[in-house]
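What follows is a short report on a single structure.
The values are calculated or read from the model by the stated rules, or taken from the named source; none is laboratory data. A quick note: this is a predicted structure, and the numbers were derived from the prediction, not measured. Every residue, glycine as well, gets a Cβ built from its backbone with ideal geometry; the counts of neighbours run over all protein chains shown. The accessibility values were calculated without ligands, DNA or RNA, using every heavy atom of the protein model including side chains. Shrake-Rupley method; radii C 1.70, N 1.55, O 1.52, S 1.80 Å.
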Amino acid sequence: MVLVRNTAFATWASYIYYCYTGQVSFYPLKSKDPLSRRNNTTQTLRCSPKSMYRLALKLKNARLEALAFQAIKSSLCKSNILAEAFSWFTAQYTDIQNMELDLLMEFRSTPEVSSRLERMTEAVSRGEKRYARVMLHAFLARLTQQGMGSTGTQ
């Protein structure tokens with residue numbers, strides 16, 4: 001028996017539907033499409049991929065965890081990678097951190113990211129996002145590694 005707390009009704013309903021059918025449907029991340037949850041005209045049960053990822057981990061359901069992970073990844077883009085990479089959710093899960101760090105490195109030179117990166121690093125440095133220090137450290141370490149690799153030997 002596993003006691004699971006703090007899980008939304010929509011997530012439980014989607015989980016039960018998944019158990020019976022093997023199918024699950026996710027909303028896009030709020031940071032990508034904040035209005036997506038307002039249109040409830042679909043007949044399919046949908047839930048947050050983050051909420052399902054948490055539940056799948058608690059229930060040790062590797063297949064569902066992988067589906068939720070992929071849904072999170074597919075909702076990440078240039079416009080929301082900073083908010084997601086430096087979020088409380090990401091700080092809790094190493095696999096999510098690593099995947100989002102890879103995407104942050106990929107998108108870092110785009111105007112959508114580079115124009116807001118300084119504000120994000122300042123917020124973390126000031127302690128406004130203490131939970132995001134690990135991500136900031138990993139990002140800076142990755143930049144340093146890439147910088148050292150590209151200079152060559154003299």
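Note on the chain: helix-only mean residue ellipticity at 222 nm, from DSSP H runs of 4+ residues weighted -39500 (n - 2.57) and normalised by residue number, equals -19000 deg cm²/dmol. Near Phe26, the amide H atoms lying under 5 Å from its own belong to Cys47; only residues 5 or more places off or on other chains count, and H is placed 1.01 Å from N. I'd like the carbon and sulfur percentage of the solvent accessible area for region 54-113, probe radius 1.4 Å, heavy atoms only, ligands and nucleic acids excluded. Answer for region 54-113: carbon and sulfur cover 53 percent of the accessible area. Cross-link partners for Lys129 among the lysines, with Cα-Cα distance under 27 Å and sequence neighbours closer than 8 places in the same chain left out: Lys30, Lys32, Lys50, Lys58, Lys73, Lys78. The 3J(HN,Hα) values that the Karplus relation (6.51, -1.76, 1.60; θ = phi - 60°) gives for region 102-116 are, in residue order, 4, 5, 4, 5, 5, 8, 4, 8, 6, x, 4, 8, 4, 6, 10 Hz. Gly and Pro appear as x.
Residues whose amide H comes within less than 5 Å of that of Phe86, counting only those at least five positions distant or on another chain, are absent (H built at 1.01 Å from N in the peptide plane). Projected label points at Ala141 and Ala13, each 7 Å from Cα along the beta carbon direction, are separated by 4.2 nanometres. If you bin all the Cα-Cα distances of region 1-92 at 10 Å, starting from zero, the percentages per bin are 16, 50, 30, 4, 0. The string of couplings for region 12-24 from the Karplus curve (6.51, -1.76, 1.60, θ = phi - 60°) is 4, 4, 5, 5, 4, 4, 4, 4, 7, 10, x, 10, 9 Hz, one whole number per residue in order, with x for Gly and Pro. The calculated P(r) of the chain, using every Cα pair and 10 Å bins from 0, goes 10, 35, 31, 18, 5, 1, 0 in percent. Annotation: per residue accessible area for region 1-150 equals 60 Å², rounded to a whole number [probe 1.4 Å, protein chains only]. Placing a label point 7 Å from the Cα of Trp88 along the Cα-to-Cβ line, the residues of region 97-133 whose backbone N sits under 14 Å from it are 128-132.
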